[in-house]
Amino acid sequence: MAEQTITEAKRIIDVLVKTLHDGESCSWPGMVCNEIIKAGSLGHGTAVKGYYDVDLVIYSDSIDAFKLAGDSSSEYWLNILQRFLDRKQPGKLSERNRTQISLQFRFDGKIDVDMLVSPLWSCPGELYNFLTKISFEKRQMFSASASKWQVEFFSKQKNEVKELIKRAKAWRNTKWASKHTPGKPKSYLISVLVLRAFERAHGHNFKELARRTTDELKGIVKNHQNADIYWEEYYKVSTYPTLFPRDKPRIVDPANPSNNLYRSGIAHSDKNKKARDYGEGSGDWSTFARFVDTLDLTKTVDEYC
């Protein structure tokens, strides 16, 4: 697939969202669409040109969380979603793939899309309380449920840090040429790491801040075995001790205390497990640690691309 512009990706998102809402009062046979979230890099405002996916998360109060956990798959809901899209956009979905939690396809032969479904949550606490009631193995199924708060969290960050996140992603794309290369740091992990490095850095101007953020980020990656990174904006560690990872290394999702990005944020070594943000991870940082010396956040996105 040729490189796609961010403008084209946004256009496709608009088409898909309009399709999901069009003329049916957000309701399809067997499923109500309450909310659609543009997630991932595009939703966070940190996308760079090149090879990336469109992530859309559909929240529905038709989905019973406990039943979904019991089924261990979103297949029933993804089938409804696929049939609806095939009817509304005939011939537009190709190269389809199905994971436990997502419907993946190329839309109109132009760009890859991840569509995920989630129960509707009234607030983060409702999600977290539910996660305490299911097993560790089941929690991965609900990784997309925190998407709306991930988007909200990054929407509050400074433009300077978003620019540095884009530069870090552009660097990553030069070091891992393939979208689904084992050991590749996923987009969301890059964002979280740059944010923490930025918070630690100090500079009198943007170039100095970029240089110091680079140094901080390199230190985090090289010393990854001792990582202890988290925020307490949406949850307190003391409130959810059974969700929060007990031991280092831990790099905890700001919007989901059960998601340790130290493991989930690195692409899986199994070639059949795609390196998208919501899939499983390998926790193998060896390649990342080997490559990170070449990172330079004083270089612009265009210089990397």
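Geometric descriptor of the chain, per residue, is 124 Å³ (volume of the convex hull of the Cα atoms). Taking the alpha carbon gyration tensor of region 115-170, multiplying each eigenvalue by 5 and rooting it gives semi-axes of 28, 13, 10 Å, largest first. Working from the Cα coordinates of region 68-170, the gyration tensor eigenvalues give, after taking √(5λ), semi-axes of 26, 24, 12 Å in decreasing order. Mind pulling up the Rg/Rh value for region 193-305? Radius of gyration and Kirkwood radius, both on Cα. Rounded to two decimals, Rg/Rh equals 1.00.
For the chain, the per residue solvent-accessible surface stands at 44 Å², with DNA, RNA and ligands left out and a 1.4 Å probe. Globularity index of region 1-157 is 1.03 (Cα radius of gyration / 2.2 N^0.38 Å, N = number of residues).
Proximity of backbone amide H atoms, modeled 1.01 Å from N, is registered between GLN100 and no other residue at under 5 Å, excluding neighbours fewer than 5 places apart on the same chain.
Taking the protein heavy atoms of the chain in the context of the full set of protein chains, the accessible area attributed to carbon and sulfur is 46 percent at 1.4 Å.
Axis of helix 6-21 versus longest Cα principal axis of the chain: the two differ by about 30°, to the nearest ten degrees.
About its Cα centre, region 1-152 has a charge dipole of approximately 140 debye under the convention of +1 per Lys or Arg Cβ and -1 per Asp or Glu Cβ, with nothing else charged.
Kirkwood hydrodynamic radius for region 68-107: how many Å is it when counted over pairs of different Cα atoms? Kindly include the intermediate steps, with their values, before the conclusion.
Numbers: mean 1/r = 0.0936 Å⁻¹.
Result for region 68-107 stands at 10.7 Å.
Working from Cα positions, state the angle (0 to 90°, nearest 10) between the long axis of helix 187-200 and the longest principal axis of the chain. Relative to the chain, helix 187-200 is tipped by roughly 40 degrees.
Cross-link list LYS110/LYS207; LYS158/LYS207; LYS184/LYS236: which exceed 25 angstrom alpha carbon to alpha carbon? Before the final figure, lay out each step's value.
Details: LYS110/LYS207 36 Å; LYS158/LYS207 15 Å; LYS184/LYS236 30 Å.
Too far apart for the 25 Å limit: LYS110/LYS207; LYS184/LYS236.
Relative contact order of region 121-229: what whole-number percent is it, with Cα pairs under 8 angstrom and at least 6 residues apart?
Working: 49 pairs, mean separation 19.4, N = 109.
Result for region 121-229 is 18 percent.
Ranked by the mean number of other Cβ atoms within 10 Å of their residues, highest first, the peptides 283-295, 248-260 come out as 248-260, 283-295.
The values are calculated or read from the model by the stated rules, or taken from the named source; none is laboratory data. Since this is a predicted model, take the numbers as computed values, not measurements. Cβ: placed from backbone, ideal geometry, glycine included. Neighbour counts: every protein chain shown. Keep in mind that these areas ignore ligands, DNA and RNA; they rest on the heavy atoms of the full protein, side chains included. Shrake-Rupley method; radii C 1.70, N 1.55, O 1.52, S 1.80 Å.
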